[in-house]
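Asker: Have a look at this one before I ask anything.
The values are calculated or read from the model by the stated rules, or taken from the named source; none is laboratory data. Please read all numbers here as calculations on a predicted model, not as lab measurements. Neighbour counts are summed over all protein chains in view; Cβ atoms, including those assigned to glycine, are modelled from backbone coordinates with ideal geometry.
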Amino acid sequence: MNTVTTQIDSPSTDQLEEAWWKLMGGELGVTEHEGTRQFMQMILDHAKREVAAGVSIVEAATGEEVSHVTAEDMAKRMCAAYASIFYPVP
């Protein structure tokens, strides 16, 4: 049995803002909006809890498990999740 240890690096506010700018073309406002900051923290905390519990939630585009998610990639994932929940799909 192969065991995969996954590490998730925490994105900084700047990384989240940059990922959001690339995704949506505008500021996310993590530093100005407490509710947005708390929501983003909740996404990160959830991902880290699931990984610590051994749940395979982190995958590459190929469907393979990823053993290390960088802070920049996690920022992209968190912003994409936020956008998919709160913004309509064109």
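Asker: What tally of residues in the range 37-69 results from selecting those that are in contact with a helix residue (DSSP H, G or I) (Cβ under 9 Å, 6 or more places away or on another chain) and under 16 Å from Glu17 (Cα atoms)? Break it down stepwise before answering.
Answerer: The initial filter retains those residues of the range 37-69 that are in contact with a helix residue (DSSP H, G or I) (Cβ under 9 Å, 6 or more places away or on another chain), namely 37, 39-40, 43-44, 47, 55-58, 66, 69.
So of that shortlist, the ones also under 16 Å from Glu17 (Cα atoms) come out as 37, 39-40, 43-44.
Count: 5.
Asker: If you go through the range 37-90, how many residues are part of a helix (DSSP H, G or I), within 24 Å of Gly25 (Cα to Cα), touching a residue at least 40 places away in the same chain (Cβ under 8 Å) and of a type outside the set (D, E, K, R)? Write out each step before concluding.
Answerer: From the range 37-90, those part of a helix (DSSP H, G or I) are 37-52, 71-86; that's our starting set.
Keeping just the survivors that are within 24 Å of Gly25 (Cα to Cα) gives 37-44, 71-86.
Still in the running and touching a residue at least 40 places away in the same chain (Cβ under 8 Å): 39-40, 71-72, 74-76, 78-80, 82-83.
If we keep only those that are of a type outside the set (D, E, K, R) as well, we get 39-40, 71, 74-75, 78-80, 82-83.
Qualifying residue count for the region: 10.
Asker: Another question about this same structure. Could you please give the count of residues in the range 7-36 that are more than 14 Å from the chain's Cα centre (by Cα) and either hydrophobic (A, V, I, L, M, F, W, C) or part of a helix (DSSP H, G or I) (or both)? Give the derivation first.
Answerer: Keep residues of the range 7-36 that are more than 14 Å from the chain's Cα centre (by Cα), which gives 21-22, 24-27, 29, 31-35.
After this cut, where a residue has to be either hydrophobic (A, V, I, L, M, F, W, C) or part of a helix (DSSP H, G or I) (or both) as well, the list is 21-22, 24, 34-35.
Counting residues in the range 7-36 that are more than 14 Å from the chain's Cα centre (by Cα) and either hydrophobic (A, V, I, L, M, F, W, C) or part of a helix (DSSP H, G or I) (or both) gives 5.
Asker: Of everything in the range 19-36, what is of a type outside the set (S, T, N, Q) and touching a helix residue (DSSP H, G or I) at 6+ places or on another chain (Cβ under 7 Å)? Give them in sequence order. Before the answer, list the steps.
Answerer: Residues of the range 19-36 that are of a type outside the set (S, T, N, Q), as a first pass: 19-30, 32-35.
Passing the criteria: Ala19, Trp20, Leu23, Met24, Glu27, Leu28, Gly29, Val30.
Asker: Of all the residues that make up the range 30-59, how many are in contact with a Lys or Arg (Cβ under 9 Å, 6 or more places away or on another chain) and surrounded by 13 or more Cβ atoms within 10 Å (Cβ to Cβ)? Lay out the reasoning, then the answer.
Answerer: To start, the set of residues in the range 30-59 that are in contact with a Lys or Arg (Cβ under 9 Å, 6 or more places away or on another chain) comprises 30-31, 43, 47, 55, 58.
Right, trim to surrounded by 13 or more Cβ atoms within 10 Å (Cβ to Cβ) and you get 30-31, 43, 47, 58.
So the count comes out to 5.
Asker: If you don't mind, another one. Check the range 10-20 and report whether any residue there is small (Gly, Ala, Ser) and exposed (fewer than 11 other Cβ atoms within 10 Å of the Cβ). If you could, list the steps in order and put the result at the bottom.
Answerer: Looking only at the range 10-20, we keep the residues that are small (Gly, Ala, Ser), and these are 10, 12, 19.
Keeping just the survivors that are exposed (fewer than 11 other Cβ atoms within 10 Å of the Cβ) gives none.
Among the residues of the range 10-20, not one is small (Gly, Ala, Ser) and exposed (fewer than 11 other Cβ atoms within 10 Å of the Cβ), which makes the answer no.
Asker: Filter the range 55-90 down to the residues that are hydroxyl-bearing (Ser, Thr, Tyr) and modelled with pLDDT of 90 or more and list them by number. Full working, then the answer.
Answerer: To start, the set of residues in the range 55-90 that are hydroxyl-bearing (Ser, Thr, Tyr) comprises 56, 62, 67, 70, 82, 84, 87.
Within the range 55-90, Thr70, Tyr82, Ser84 qualify.
Asker: (1) in contact (Cβ under 8 Å) with a residue 24 or more places away in the chain; (2) out of contact with any His (no Cβ under 6 Å at 6 or more places or on another chain): which one isn't true of Gln7, the others all being true?
Answerer: Result: Gln7 fails condition (2) only.
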